[in-house]
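Undergrad: What follows is a structure written as C-alpha cells; I'll ask about it next.
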Amino acid sequence: MFNVITKPAVTLTDAAAAKVREIVEAQGQENAGLRVYIAGGGCSGFKYGMALDNEAGPDDEVFEYNGLKVFIDSMSLPYLRGASVDYVDDALLGQGFKVENPNATSTCGCGSSFSASEGGAEGAATSGGGCGTGGGGGCGSGGCGS
C-alpha cells in the first residue's frame, strides 16, 4: 500500500505540470502520473530520471500537484526532497525538464547527473541540473556516458 502525502517533497512549476499533462494527453494515458527518480550513473554518480507511470509501486510516496500525481520511490526520496522540477524552452539551450535540487553537492556539465554528500542528501549545497528533451535521460551530447 502507499501513502498519499499532501505536502509534496518535490514541486513542479506550472510549466512542468503543463508539459507533463501535454505528454500524458498525447500518449493517451489519461490516468498516468509522473515518476521522478534517481539512478546510479552519469559522470557525477547519480542521474535524474522521469517517466510516466499509471500506478504507485509498493515503496512509493505519492504526491499530488494540481491533480497530477507524482510518484517517488523510497530510495530516491531522500535525494529529491526539496527539489523543484521545471520545464524550460530556451532558444539557445533547447527544451527539457530541469531539476533544481538542494541535495546536490555538484553537477556535471551535461546537467543530468549530480553527486550528493556522503551519508545521504542532508546538508548539501544548492545546485541544479536538467534532463534532456525526452524528460529523463542522458545529456544528448555524449558527456555523461549514461
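Undergrad: Run through the stretch 1-102 and list the chymotrypsin sites (Phe, Trp or Tyr not before Pro) located in a DSSP loop whose Cβ has at most 16 other Cβ atoms within 10 Å.
TA: Details: sites: 2, 37, 46, 48, 63, 65, 71, 79, 87, 97; in loops: 2.
Sites meeting the loop and neighbour criteria: 2.
Undergrad: Another one. Quick query: amide H of residue 10 versus all other amide H atoms, modeled in the peptide plane; which residues come in under 5 Å with a sequence gap of 5 or more or a different chain?
TA: Here 82 satisfy the definition.
Undergrad: Also: Write down the percent of antiparallel bridges among all DSSP beta bridges whose residues are both part of the stretch 3-97, to the nearest 5.
TA: Numbers: 19 of 26 bridges.
If I count the DSSP bridges inside the stretch 3-97, around 75 percent turn out antiparallel.
Undergrad: Can you give me the long-range amide H partners of residue 95? Hydrogens built in the peptide plane at 1.01 Å from N, cutoff under 5 Å, separation of 5 or more residues or another chain.
TA: Under 5 Å from the amide H of residue 95: 90.
Undergrad: Between residue 26 and residue 91, what length in nm is gained on full extension when 0.36 nm per residue of separation is reduced by their alpha carbon distance? It would help to have the intermediate numbers written out before the result.
TA: Working: separation 65, 0.36 × 65 = 23.40 nm, distance 2.34 nm.
Going from the current span to full extension adds 21.1 nm.
Undergrad: May I ask you to evaluate 6.51 cos²θ - 1.76 cosθ + 1.60, the Karplus curve with θ = phi - 60°, for each residue of the stretch 68-73 and list the ³J(HN,Hα) values in order in whole Hz, giving x for glycine and proline?
TA: 9, 7, 10, 9, 9, 6
Throughout, read-outs are computed from the coordinates displayed, never taken from laboratory work. Here the structure is a predicted model, which is why all the values come from computation and not from measurement. Virtual Cβ from ideal backbone geometry, glycine too; neighbours counted across all protein chains shown.
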